[in-house]
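These notes concern the structure reproduced below.
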Amino acid sequence: MDRRLTPARSDLAASFLKDRVSAERYVDPVDHRCILPSAAIRRDASATAGMDDQVLYGEDFAVLEEREGWCWGFSRADGYVGWVEAGALSGETLKADHKITALRTYLFPEPNFKKPPIALLNLNARFAAGVVEGRFVEARGAGWVTTEHTAPLTEFAGDFVAVAEAHLGAPYLWGGKESLGLDCSGLVQMALMAAGIDVPRDADQQEAALKEMWDDVTADVERVRGDIVFWSGHVGILTDSEHLLHANAFTMDVTLEPFAEAERRIREAENPVRTIVRLPR
């Protein structure tokens, strides 16, 4: 089983894995809500450990163990397993029904944009909506956000490529999935999520999932806007037949460049294109 998606260790595992893995004890996961704009999911219980993923504001992290200020469990958003600082999570349950649709927006203490903001929320952050006052909607238990930057969870962006394009210039960050820093698969995951399409976190997982969902057009000569291109360990989105948008460690940001140039550079590093998938039109 994929360790990234399997909440199991030799000493502890999620109770729903009892018939599949061997562990000293099994625990029922308890959902905790992320109360920071984002929180790192790390490989170990240390602030210096590598970050593999993030939990965004309002997303749930299923906790199996808490130890010395850290919680071990998995993200309900994409199943990723790891450690999150306990201070980023709350056991208070508020069922989210709205989300942030802007690249990022401020959370205010009052329905007044002249007040000092509390935090900066990212695209796809979610919250439980309360009352509406003028141009502001209450994010229950947190503050207020402008209605222009929010929508019910049931409403989706019409063009995931446009969502991805809005991230142009955002810095590259391994394991990130927010506009303040994200990696190649984080960009794809967030753009598709905004359009109502849930995919796994990492590029290889996304490749496998999308090949089942969409058309494999790797052998086709034609290239169109919205084609998603996979290499081993990398993924990008075509904005038209000739240009690739991708978060990458070569430019250290989300960049738009000729697909032919990017393909040649990556291929010369002994990494040819592996799969291209296309949303059915």
Item to check | Sorted by Cβ neighbour density within 10 Å, fewest at the top, the residues Tyr80, Tyr106 | outcome: Tyr106, Tyr80
Checklist outcome for this item: Of the listed links Lys99/Lys177; Lys99/Lys211; Lys177/Lys211, those spanning more than 25 angstrom between alpha carbons are Lys99/Lys211
Item to check | Fewest-first ranking of Ile41, Ile276, using other Cβ atoms within 10 Å as the exposure measure | outcome: Ile276, Ile41
Next on the checklist: When 1/r is averaged over all different Cα pairs and the result inverted, which Kirkwood radius in Å belongs to segment 160-278?
Outcome noted: 13.8
Next on the checklist: Report, to one decimal in Å, the Kirkwood hydrodynamic radius for segment 3-90 based on all distinct Cα pairs.
Outcome noted: 12.7
Checklist outcome for this item: Checked the chain with the C-alpha gyration tensor, a ≥ b ≥ c its square-rooted eigenvalues, rounded below a/c of 1.5, otherwise prolate if a/b is larger than b/c and oblate if not; verdict oblate
Checklist entry - Toward the positive end of the charge dipole of the chain, about the Cα centre and with charges on Cβ (Lys, Arg +1; Asp, Glu -1), which of Met1, Ala47, Leu187 goes farthest? => result Ala47
Next on the checklist: Amide H of Ser179 versus every other amide H placed in the peptide plane: which residues, excluding those fewer than 5 positions away on the same chain, fall under 5 Å?
Outcome noted: Leu123
Checklist entry - Suppose every K and R has +1 on its Cβ and every D and E has -1 on its Cβ; what is the size of the dipole of segment 156-232 about the Cα centre, in Debye to the nearest 20? => result 260
Checklist entry - What's the long-distance tail for segment 71-145, i.e. % of Cα pairs beyond 21 Å? => result 33
Next on the checklist: What three numbers, in Å, describe the spread of the alpha carbons of segment 142-229 along their principal axes, ordered from the longest?
Outcome noted: 50, 28, 21
Item to check | Centroid-to-centroid separation of segment 223-240 and segment 75-145 [C-alpha atoms, Å] | outcome: 31
Checklist entry - DSSP beta bridges in the chain, what fraction antiparallel, as a percent rounded to 5? => result 95
Next on the checklist: Cut-off is 10 Å between beta-carbons; in what order do Phe108, Phe250, Phe74 appear when sorted fewest neighbours first?
Outcome noted: Phe250, Phe108, Phe74
Item to check | Theoretical FRET efficiency, 1/(1+(r/R0)^6), r = Cβ-Cβ of Glu165 and Ile118, R0 30 Å, to 0.05 | outcome: 0.55
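Computed from the coordinates by the stated procedures, all read-outs in this text should not be read as laboratory data. Everything numeric in this text was worked out from a predicted model, so none of it was measured. No Cβ is skipped: glycine too gets one built from the backbone with ideal geometry, and neighbour counts run over all protein chains shown.
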